[in-house]
Amino acid sequence: MAYKIVLDAGHGGEDPGAVYIDRKEKDDNLSLALAVGKILEDNGIDVVYTRTTDIYQTPFEKARFANETGADFFISFHRNSSPESGQYNGVEVLVYDKKGIKYQMAENIVGALGELGFKELGVKERPGLVVLRRTKMPALLIETGFINSDKDNQLFDEKLQEIAKSIADAILGTLDEETVESPLYYRVQTGAFRSRENADRMLYQLTDQGFPAFILKENNLYKVQVGAYLQLGNAVNMEQRLRDAGYSTVIVTR
Ligand SMILES: [Zn+2]
């Protein structure tokens with residue numbers, strides 16, 4: 001199943017976000033959101049953008065739009081700002097609370113950007129932010145450095161593609177960890193043959209007798225198995241029925 005992720009380039013249109021000299025946060029946010037989106041799309045993610053051009057949306061509109069897509073994640077791109085230029089630098093990721101997969105993903109993103117040279121300011125809880133509070137899916141807001149820090153701007157400009165790759169990899173890596181735990185099934189094996197013909201013969205016999213049998217090719221053997229059960233007890237019941245019908249059996253897991 002492909003994941004669907006909403007990418008939100010923060011601010012836009014009449015709302016420039018933070019401004020530093022002639023640099024506007026909304027433009028940086030859009031460049032990074034599009035660059036991350038391209039990589040995610042190349043990796044099979046269904047990417048939806050709140051905006052791909054310089055248009056204005058309220059945070060409420062962004063959240064409502066995200067909810068309407070039914071996406072699995074919402075990721076908002078921003079850049080930080082401090083009262084005085086050059087006062088702070090570094091990356092942080094904001095979440096509604098430090099729970100669940102979004103927190104894991106946020107930690108992974110901060111760590112990945114730290115490796116590129118950004119100071120790691122960490123993951124912070126910001127339950128008051130509309131795009132974190134009003135979105136129904138796990139939501140993150142990435143502050144990729146301070147827009148009024150020359151150090152962060154230099155990193156942002158020189159390493160934009162690497163930054164996008166790092167963020168995308170952190171997202172994809174978090175999703176991989178999440179899906180790796182597939183359920184364990186118990187199956188009842190009635191035979192393992194070198195020849196496909198022999199396996200087919202047993203398969204036909206089993207299906208004739210109403211057993212849900214199938215063939216699995218593994219290590220050059222054609223294994224004839226019956227059923228796939230999450231509960232061991234159900235596999236034991238099937239094993240008994242098969243033994244009553246004259247088959248020799250073994251329960252396997254996969
Ligand atoms: Zn912002």
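The values are calculated or read from the model by the stated rules, or taken from the named source; none is laboratory data. The shown structure was predicted, so the numbers you read here are calculated from the model rather than taken from an experiment. Every residue, glycine as well, gets a Cβ built from its backbone with ideal geometry; the counts of neighbours run over all protein chains shown.
Of note:
Residues are listed down the side, and each one gets a yes or a no for (1) in contact (Cβ under 8 Å) with a residue 60 or more places away in the chain; (2) under 25 Å from the mean Cα position of the chain (by Cα); (3) farther than 20 Å from LEU94 by Cα; (4) more than 12 Å from the ligand (Cβ to nearest atom):
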{"position": "LEU7", "(1), (2), (3), (4)": "yes, yes, no, yes"}
{"position": "GLY13", "(1), (2), (3), (4)": "no, no, yes, yes"}
{"position": "ASP46", "(1), (2), (3), (4)": "no, yes, yes, yes"}
{"position": "PRO59", "(1), (2), (3), (4)": "yes, yes, no, no"}
{"position": "ASN67", "(1), (2), (3), (4)": "yes, yes, no, yes"}
{"position": "ALA71", "(1), (2), (3), (4)": "yes, yes, no, yes"}
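- The range 127-149, residues that are under 20 Å from the mean Cα position of the chain (by Cα), among the hydrophobic types (A, V, I, L, M, F, W, C) and within 16 Å of the ligand (Cβ to nearest atom): VAL131, LEU132, ALA139, LEU140, LEU141, ILE142
- All of ASN148, ASN153 fail the test of being surrounded by 19 or more Cβ atoms within 10 Å (Cβ to Cβ), in a loop (DSSP other than H, G, I, E, B), touching a residue at least 60 places away in the same chain (Cβ under 8 Å) and in the same structural domain as GLU41 (by TED's automatic domain parsing), apart from ASN148.
- Among the residues making up the range 1-24, those that are under 21 Å from ALA168 (Cβ atoms) and either surrounded by 15 or more Cβ atoms within 10 Å (Cβ to Cβ) or modelled with pLDDT of 95 or more (or both) are TYR3, LYS4, ILE5, VAL6, LEU7, ASP8, ALA9, GLY10.
- Unmet criterion (only one of (1) at pLDDT 95 or above; (2) aliphatic (A, V, I, L, M); (3) farther than 30 Å from SER81 by Cβ) for VAL236: (1)
- Residue match in the range 117-126 (condition: within 16 Å of the ligand (Cβ to nearest atom) and either assigned to a helix (DSSP H, G or I) or out of contact with any Gly (no Cβ under 8 Å at 6 or more places or on another chain) (or both)): yes
- Pairing each residue of the range 214-227 that is in contact (Cβ under 8 Å) with a residue 12 or more places away in the chain with any residue that is assigned to a strand (DSSP E or B) and aromatic (Phe, Trp, Tyr), provided the two are 6+ apart or on different chains, yields C-beta distances under 7 Å for ILE215/TYR222; LEU221/PHE193; TYR222/PHE193; GLN225/PHE214.
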